[in-house]
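Reviewing the structure listed below.
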Amino acid sequence: MHCDNCKKGRKLRPRKGLYHYTESGLPNIYLKNVEWYQCPHCEARRVLIPRMNQLHRCIAWRLVTKPSLLSGTEIVFLRKMLHLNQRQFAKHLGIGPVVLCRWEKEERIHRRTTDQLIRFVYLTSQDDEYTHEVHKEIWENLHKLFAKIERQVSTPRVEIDLKKCSAAYEVKRTFATAA
Ligand SMILES: [Zn+2]
């Protein structure tokens with residue numbers, strides 16, 4: 001394997017260790033047990049990542065479960081995981097594309113509520129082994145239900161039969177009418 005950057009096409013050297021995965025677009029992702037080749041002259045790298053999609057789903061999961069606010073580049077990563085452009089993602093979030101564009105460029109410009117919304121949208125839109133763990137179907141149905149919420153406040157009578165009152169029954173009943 002030879003370097004594409006160098007004119008003379010220098011031979012790449014195999015490397016092992018901790019790989020700074022800058023290709024992710026995130027500044028803080030390091031991979032263990034990855035092999036890569038590096039040019040001794042210009043430092044150009046060629047990495048071999050088996051099961052790349054799996055890795056990206058794992059990174060996304062780490063992001064939506066992180067205890068601090070998402071950064072701009074992290075929002076970009078999540079949006080790309082959903083294969084959405086800025087306009088589409090902004091629509092999901094109920095904001096203008098210009099606002100989203102600003103969030104993606106700057107660090108922590110958004111608030112906690114919108115941060116949670118971004119995670120919620122990711123979890124309800126993404127379809128993988130991680131999101132299945134958080135009961136994908138229920139999230140999806142809730143998302144549809146929320147989309148139909150009326151603009152005015154109303155408080156109709158709520159009747160609950162204590163003999164039938166269980167989570168399984170309630171969830172089934174809720175989504176039977178929402179679908
Ligand atoms: Zn080179």
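The values are calculated or read from the model by the stated rules, or taken from the named source; none is laboratory data. Keep in mind it's a predicted model, so treat the numbers as computed, not measured. Note: ideal-geometry Cβ built from the backbone for every residue, glycine included; neighbour counts use all protein chains shown.
Below are the figures for this structure:
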quantity: Output for segment 36-53, where each listed residue is closer than 24 Å to Met81 by Cβ, in contact with an Asp or Glu (Cβ under 8 Å, 6 or more places away or on another chain) and within 16 Å of the ligand (Cβ to nearest atom); calculated: Val47
quantity: Residue that is nearest to Lys144 (Cα to Cα), among those in segment 169-179 that are modelled with pLDDT under 80 and surrounded by fewer than 10 Cβ atoms within 10 Å (Cβ to Cβ); calculated: Ala179
quantity: Candidates Asn33, Asn28, filtered to the one that is at positive phi and more than 11 Å from the ligand (Cβ to nearest atom); calculated: Asn33
quantity: Residue pairs meeting the criteria (Cβ under 6 Å; at least 6 apart or on separate chains; first more than 11 Å from the ligand (Cβ to nearest atom), in segment 1-25; second of a type in the set (Val, Ile, Thr)); calculated: Tyr19/Val34; Tyr21/Ile29; Gly25/Thr73
quantity: Segment 135-161: number of residues that are in a loop (DSSP other than H, G, I, E, B) and surrounded by 12 or more Cβ atoms within 10 Å (Cβ to Cβ); calculated: 1
quantity: Only listed residue being among the β-branched types (Val, Ile, Thr), closer than 25 Å to Lys32 by Cα and modelled with pLDDT of 85 or more, chosen from Val76, Val99; calculated: Val76
quantity: Considering residues of segment 94-132 that are part of a helix (DSSP H, G or I) and acidic (Asp, Glu) only, the residue nearest to Ser68 (Cα to Cα); calculated: Asp115
